[in-house]
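Please read the structure below before turning to the comments.
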Amino acid sequence: MLRFLLAFSGFMLTTLVSAQYCGTPQQPLLDRVDELKQNLTSNDRSAQKYIPVTFHLVANAGGTGRVQEEDVLKQIANLNGQYGDQQAVFYIDHFNYFDNDAVYNTPASPAAITQMRLRRDNNALNLFITNQAESGNETPGVVLAYYEPNEDWVVSRRDQISSVSSTVAHEFGHFFSLPHPFSGWDCHPYTETEYTNPVNVNFTIACSNGSGSALIELQDGSNCNIAGDHICDTPPDYNLGLLYQSDCAANTKIKDKNNQLITPITNNYMSYYTDCGSYVFTTNQKTLINASFFSAQRAYIRTNVVPNTTPVTGPVTYISPINGEFTPGPSSIVLDWEDTPGANKYMILFAQNNSFTINPHKYFSTSSQLTIDIDLPAGATIYWKVWPYNESQTGAMYSATQTFKVGTGVGVNEIKEINAYTISPNPVSIHQESILTITSIKAFDAEMKISNSSGQIMSTQSLSIPSGTSQQTISTVDFVPGIYFVMLHSANGTLVERLMVSE
């Protein structure tokens, strides 16, 4: 092995060292494929599959470096798009948070495995999200993720959890028994120096530990059931993708032992080609995924739970506090918004700046309201936003940012000069007028703002409110149907009332 590496040109050595790959051992998967192929007709591939995933969000011992929940929600949406044509729905079973240096940096170590066994969920697909993902299996390059057949869990680096990465889709393919199309070439991907062109041997070079040698697949398909990944609609792939990481280009020169040009599916999820515009599973791969899901080995994830699959539509309609209005005080502040169609969970983020980097706080709620359980600095401007989702539909993302000011004791909907107020008619028909009627014990100056549900200010007007009963006209001529907020600000408080504008 050492002589082999030293024989590489500087370019080739750099390519192998920087190549990114999966560290999943292949022989257990090949055995599973052979077994599953004996029972492919017993399950209809169109059958609905609900797949619970427990996301283990691992940090270092100091509690830092954990993947963000936002990235996990994006990953669920990404997965459900990638497997969307297979009647497969991945959903969040739950988030498990823990801090451990061994799991974070060396998840294949004995110390890490002990900790991971203690935390695994016996009724879900377990995905441990860590800092590093070295698997201990012999393959050149940098490990991005791996599936561990003996433990039946997936480990992924946190930088692979996203809305665009195909890494987790690849590893979940392994979970459902799919090998690499280039199985057998993992330790020694094709090079002309070792294998010549056309290839002149029947078997791949074994790994230095003696494993990994495999029958080389032929382009004509004559040995497809026993060579490569043992799947006949994935053509020969001699792991060319590992050495060509910059594009998704088809092979134009490498030939098999019969002098036939091999034609790997460069955009197959289970291969190593990068920078493809999109990726696919073949028909036979989908059939095997389905068979694996319904196998006895996967009975533990068939929990009979039917997750919420209603699409979550946005944006969030905020109620209060919004548009810089003052809160009653610095504690027990209630954030309120309308129920979002399809959502049964909400992630709420607030901070003291609009980039959410100064004193950020993140909360989760199962209702469209949250009472903040910490004291906020009086007078501070707070920025907040809400991400609505359910366990399988997570792509709505955050709605527009809202703001409020932390009050010192005078409350929202409390202007001490006002005894009573009404808005009528409410709802009001579009392009009609509504009237704000105020009864005040003395005169005062105020500012009236009207905003839509996204926080956009529709109008601003300075008012001199007299003592006694007075009326202010609210024109809806520039409005569209929806919810609006009439806000009256004075030196002594804030009043907010909702106005519904209908067709």
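All of the numbers you see were taken from the coordinates with simple rules; none came from a lab. Since the structure is predicted, the reported quantities are computational estimates derived from the model, not experimental observations. When we count neighbours, we look across all protein chains shown, and the Cβ atoms used for this are built from the backbone with ideal geometry, even at glycine.
Pick out, from ILE457, SER156, TYR83, the residue whose Cα sits farthest towards the positive end of the charge dipole of the chain, with +1 on the Cβ of Lys and Arg and -1 on the Cβ of Asp and Glu.
Final value for the positive-end residue is SER156.
Please list, in order along the stretch 331-337, the HN-Hα scalar couplings obtained from phi with the Karplus expression 6.51 cos²θ - 1.76 cosθ + 1.60 (θ = phi - 60°), rounded to whole Hz, x for Gly and Pro.
10, 6, 6, 9, 8, 9, 8
Check the chain for me: any Cys whose beta-carbon has no other cysteine beta-carbon within less than 4.7 Å?
CYS22
Kirkwood-based Rg over Rh for the stretch 318-405 (C-alpha set), two decimals? Each step should come with its number before you reach the end.
Values: Rg = 12.5 Å, Rh = 13.1 Å.
Taking Rg over the Kirkwood Rh, I get 0.95.
Report the calculated FRET efficiency for ASP85 and SER424 (r = Cβ-Cβ distance, R0 = 51 Å), to the nearest 0.05. Walk me through the numbers before you get to the answer.
Working: r = 53 Å, r/R0 = 1.04.
Step by step, r from the Cβ atoms, then E = 0.45.
Report ³J(HN,Hα) in whole Hz for each residue of the stretch 423-429, in order, from the Karplus equation J = 6.51 cos²θ - 1.76 cosθ + 1.60 where θ = phi - 60°; Gly and Pro get x.
Along the stretch 423-429, the couplings run 10, 8, x, 7, x, 10, 6 Hz.
Can you list the lysines whose alpha carbon is less than 20 Å from that of LYS449, not counting same-chain residues fewer than 8 positions off?
Correct list for LYS449: LYS405, LYS416.
Report the one residue of LEU436, ALA420, THR476 whose Cα lies farthest in the direction of the positive end of the charge dipole of the stretch 400-503 (charges on C-beta: Lys and Arg +1, Asp and Glu -1; origin at the Cα centre).
Result: ALA420.
Any aspartates and glutamates with Cα under 12 Å of the LYS257 Cα? List them, leaving off those in the same chain fewer than 8 positions away.
Within reach: GLU217, ASP220.
Dipole size in debye (nearest 20) for the stretch 22-175 around its Cα centre, Lys and Arg Cβ +1, Asp and Glu Cβ -1?
Values: 11 positive and 19 negative charges, 34 e Å.
Magnitude of the dipole: close to 160 debye.
With both bridge residues required to lie in the chain, what share of the DSSP beta bridges run antiparallel, to the nearest 5%?
70 percent
Tell me, what are the semi-axes, in whole angstrom and largest first, of the equivalent ellipsoid of the chain as set by the roots of 5 times the Cα gyration tensor eigenvalues?
Details: eigenvalues 707, 104, 82 Å².
Taking √(5λ) for each Cα gyration eigenvalue gives 59, 23, 20 Å.
Relative contact order for the stretch 418-502: what is it in percent, counting Cα pairs under 8 Å that are at least 6 residues apart?
On the way: 198 pairs, mean separation 28.9, N = 85.
Once normalised by length, the contact order is 34 percent.
Go ahead and collect, in residue order, the members of the stretch 323-361 whose backbone nitrogen is under 15 Å from a label point 7 Å along the Cα-Cβ direction of ASP373.
Output list for this probe position: 332-335, 348, 361.
Among all the lysines, which ones have a C-alpha under 21 Å from LYS37's C-alpha, if same-chain residues fewer than 8 places away are not counted?
LYS49, LYS286
What does the highest-first list of 226-233, 61-68, 492-499 look like by mean Cβ count within 10 Å?
Going from most to least packed, we get 226-233, 492-499, 61-68.
Quick check on packing: order 158-164, 470-476 by the mean number of other C-beta atoms within 10 Å, highest mean leading.
158-164, 470-476
Post the alpha-carbon centroid distance, the stretch 136-185 to the stretch 315-389, in whole angstrom.
Cα centres, the stretch 136-185 to the stretch 315-389: 38 Å.
Among SER46, ASN126, ALA400, pick out the residue whose Cα is farthest towards the positive end of the charge dipole of the chain, where Lys and Arg carry +1 and Asp and Glu carry -1 on C-beta, about the Cα centre.
Farthest towards the positive pole: ASN126.
Work out the length of the dipole vector of the chain about its Cα centre, built from +1 on the beta-carbon of each Lys and Arg and -1 on the beta-carbon of each Asp and Glu, and round it to the nearest 20 debye. It would help to have the intermediate numbers written out before the result.
Working: 26 positive and 45 negative charges, 43 e Å.
In total the dipole reaches around 200 debye.
Calculated from DSSP H runs of 4 or more alone, at -39500 (n - 2.57) each and per residue, what is the 222 nm mean residue ellipticity of the chain, nearest 500?
Working: 10 runs with 82 residues, N = 503.
Value at 222 nm, helices only, nearest 500: -4500 deg cm²/dmol.
Where nothing but the Cβ of Lys and Arg (+1) and of Asp and Glu (-1) is charged, how large is the charge dipole of the stretch 179-280 around its Cα centre, in debye to the nearest 20? Could the numbers behind the result be given before it?
Details: 3 positive and 11 negative charges, 32 e Å.
Result for the stretch 179-280 is approximately 160 debye, rounded to the nearest 20.
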